[in-house]
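Derivation of every value follows stated rules applied to the coordinates shown; laboratory data play no part. Please read these numbers as outputs of a predicted model, since none were measured by experiment. FYI the Cβ positions are ideal-geometry reconstructions off the backbone, even for glycines, and counts take in every protein chain you see.
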Amino acid sequence: MSDGYWRRRPFAPVPSTRLIGIDELVPPAARAFTFGAGPNAFRMFIVRSISGELRGYLNLCPHASLTLDRDSGEFLTPDRDAIFCRQHCAIFSMLDGRCFSGACEGEYLHPIELALIDGWVCIGSRPNDPPESGGAAI
Ligand code: FES
């Protein structure tokens with residue numbers, strides 16, 4: 001469940017913003033997205049687990065508020081079944097963003113709602129908003 005924190009950040013994308021075609025994300029996979037520019041740019045990433053489940057998170061580690069990938073575009077552990085912070089090696093669940101190993105154990109990544117609309121992975125609506133036309137919340 002989203003905490004809505006991401007919506008209050010500069011350059012936060014609006015619901016239904018297209019991110020990537022689902023067919024381009026062959027699981028397990030992760031992909032980074034940036035909206036805006038400069039130090040306040042909105043940085044996020046999505047992951048697709050081996051079983052095909054999609055999740056989105058702010059690219060902001062709860063340990064030291066740094067990007068997880070160090071601008072490498074790499075977010076997954078070597079076995080590609082969890083999220084890895086390349087700053088200080090914390091490991092997070094793909095499905096709920098909980099850190100289960102490392103410096104911020106028990107803390108969570110900030111989730112971002114996603115929706116699948118006409119084959120596109122898109123920014124989703126708030127949990128209590130009506131579903132997007134033609135879209136399905138993920
Ligand atoms: S910033 Fe991610 S583990 Fe330290």
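How far apart, in nm, are two points set 7 Å out from the Cα along the Cα-to-Cβ line at D71 and at A37?
1.4
For W120, W6, what's the fewest-to-most ordering of other Cβ within 10 Å of each Cβ?
Listed from fewest to most nearby Cβ atoms, that is W120, W6.
Would you compute the Debye intensity of the range 5-137 from its alpha-carbon atoms alone, equal scatterers and no solvent, and pass along log10 I(q)/I(0) at q = 0.22 Å⁻¹ to two decimals?
Each listed q maps to, in turn, -1.41.
Which ³J(HN,Hα) values in Hz, rounded to whole numbers, follow from the phi angles of the range 71-81 under the Karplus curve 6.51 cos²θ - 1.76 cosθ + 1.60, where θ = phi - 60° and Gly and Pro get x?
Per residue, the Karplus-derived 3J(HN,Hα) values read 6, 8, x, 9, 10, 10, 5, x, 7, 6, 10 Hz.
Taking the Cβ-Cβ separation of I91 and D118 as r and a Förster radius of 25 Å, what is the calculated FRET efficiency to the nearest 0.05?
Once the sixth-power term is evaluated, E becomes 0.15.
Could you work out the local net charge near G36, counting Lys and Arg as +1, Asp and Glu as -1, over the other residues with Cβ closer than 15 Å to its Cβ?
Around G36, the charge tally is +4.
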